[in-house]
Amino acid sequence: DVKVTQSSRYLVKRTGEKVFLECVQDMDHENMFWYRQDPGLGLRLIYFSYDVKMKEKGDIPEGYSVSREKKERFSLILESASTNQTSMYLCASSLSSSSVTEQFFGPGTRLTVL
Amino acid sequence: GNSVTQMEGPVTLSEEAFLTINCTYTATGYPSLFWYVQYPGEGLQLLLKATKADDKGSNKGFEATYRKETTSFHLEKGSVQVSDSAVYFCALSTNFGNEKLTFGTGTRLTIIP
């Protein structure tokens, strides 16, 4: 079974702190994604990566950056956390294919910024 | 751009009731359509999908038919169980290969015994 793990289930940080959210997948997937999930807004794509060292902005990249140095690991970085970044963060991965494939999700990190 | 509009929740039903969760979409080209489910405390998992018009996706008693003429992909189940309580997300993709998904807002379903 594909497994996507995220470094923390719950995280509490202070305004202005630099925050790292880590995601690791064990199925050699090319594609990896970071979403945030907010009530009434669903999931919104922050960044995605389709290869090592490659990244593309999603719909809401402002205030975030990402790093993908190894195929299995995709990190989301909040350079200076703000209270409006309090949210649930979900990582996902998928196989790159000429046919439709599914995304596999991690359990999420609930981040609170005080 | 792409967008997905989902039935507002929350939805509360009694066990064995019939379920419909509406989903309509706007997309360029010919999207693939998905229903993902999120059980309490877990990440999302794929429930079913359809990749072309008139396709029917099905899994665990749930079904959805890709209707191009009405741009819809409604989720149905004939007899729900308490274990179906979850949040359901409709989504679409128009990017083969990297499968960037556009999600609806989610519908919380609670089934009462």
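Nothing in this text is a laboratory measurement; each read-out follows from the coordinates by a stated rule. Bear in mind the structure is a predicted one, so any value in this text is a computation, not a measurement. FYI the Cβ positions are ideal-geometry reconstructions off the backbone, even for glycines, and counts take in every protein chain you see.
Please enumerate the residues belonging to region B:55-83 that are in a loop (DSSP other than H, G, I, E, B) and either in contact with a helix residue (DSSP H, G or I) (Cβ under 8 Å, 6 or more places away or on another chain) or farther than 16 Å from residue B:11 by Cβ (or both).
Residues satisfying the conditions are B:55, B:60, B:61, B:66, B:68, B:69, B:70, B:71, B:73.
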What pairs come out if I take residues in region B:1-20 that are in contact (Cβ under 8 Å) with a residue 40 or more places away in the chain and away from every other protein chain (no Cβ under 14 Å) and pair them with residues that are assigned to a strand (DSSP E or B) and surrounded by fewer than 16 Cβ atoms within 10 Å (Cβ to Cβ) whose C-beta lies under 6 Å away, six or more apart or interchain? B:12/B:110; B:14/B:112; B:20/B:76
Is it the case that residue A:18 is surrounded by 13 or more Cβ atoms within 10 Å (Cβ to Cβ) and of a type in the set (Lys, Arg)? no
Identify all residues within region B:1-41 that are among the aliphatic types (A, V, I, L, M) and not in a strand (DSSP E or B); write none if there are none. B:7, B:17, B:27
For residue B:76, indicate whether it is closer than 21 Å to residue A:38 by Cβ, surrounded by fewer than 17 Cβ atoms within 10 Å (Cβ to Cβ) and not aliphatic (A, V, I, L, M). no
Going residue by residue through region B:103-110, is there one that turns out to be away from chain A (no Cβ under 13 Å) and in contact (Cβ under 8 Å) with a residue 24 or more places away in the chain? yes
Have a look at A:32, A:27 and point out the one that is surrounded by fewer than 19 Cβ atoms within 10 Å (Cβ to Cβ) and in contact (Cβ under 8 Å) with a residue 12 or more places away in the chain. A:27
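Specify which of the listed residues (A:92, A:81) is surrounded by 14 or more Cβ atoms within 10 Å (Cβ to Cβ) and more than 12 Å from every other protein chain (Cβ to nearest Cβ).
A:81
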